[in-house]
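The values are calculated or read from the model by the stated rules, or taken from the named source; none is laboratory data. These figures come from a predicted structure and were not determined experimentally. With ideal geometry, Cβ positions are generated from the backbone for all residues, glycine too; neighbour counts draw on all protein chains shown.
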């Protein structure tokens, strides 16, 4: 799997914040300026968007980031999707990526084999 430029930049920012307390402080206080200083590149946020950085390094706390609710009012299907719907073969799924891992609360056990 190859990473996009955005993913690479994100990894660089996170790594720097983990290693450099001063950078982390700057990043939380003024994210755009800190990222531009680190990368040497202008950060292009969409019009009207704000970048917020929160320190989520406390391992005793589980953080859940709630994304904005998608606007489905203006949602339109392309030709391929319309054909799939007309044929009854379109499957829709919403995939949620959680920014944390929840470890099992008990030791992992294997399930008994299924009775065939």
Subject >> Residues located in segment 1-44, provided they are in contact with a helix residue (DSSP H, G or I) (Cβ under 7 Å, 6 or more places away or on another chain) and closer than 22 Å to residue 67 by Cβ >> reply: 9, 13, 17, 27, 35, 43
**OP:** Evaluate segment 57-71: report whether one residue or more is over 15 Å from the mean Cα position of the chain (by Cα), at pLDDT 85 or above and assigned to a helix (DSSP H, G or I).
**Re:** no
Original post:
From the residues in segment 1-15 that are in a loop (DSSP other than H, G, I, E, B) and within 14 Å of the chain's Cα centre (by Cα), which one is nearest to residue 34 (Cα to Cα)?
Top reply: 4
**OP:** Give just the number: which of (1) exposed (fewer than 11 other Cβ atoms within 10 Å of the Cβ); (2) closer than 24 Å to residue 5 by Cβ; (3) under 16 Å from the mean Cα position of the chain (by Cα); (4) at pLDDT 85 or above does residue 53 not satisfy?
**Re:** (1)
Subject >> Test set (1) more than 20 Å from the chain's Cα centre (by Cα); (2) surrounded by 10 or more Cβ atoms within 10 Å (Cβ to Cβ); (3) assigned to a loop (DSSP other than H, G, I, E, B); (4) modelled with pLDDT of 80 or more - residue 37 fails condition number >> reply: (3)
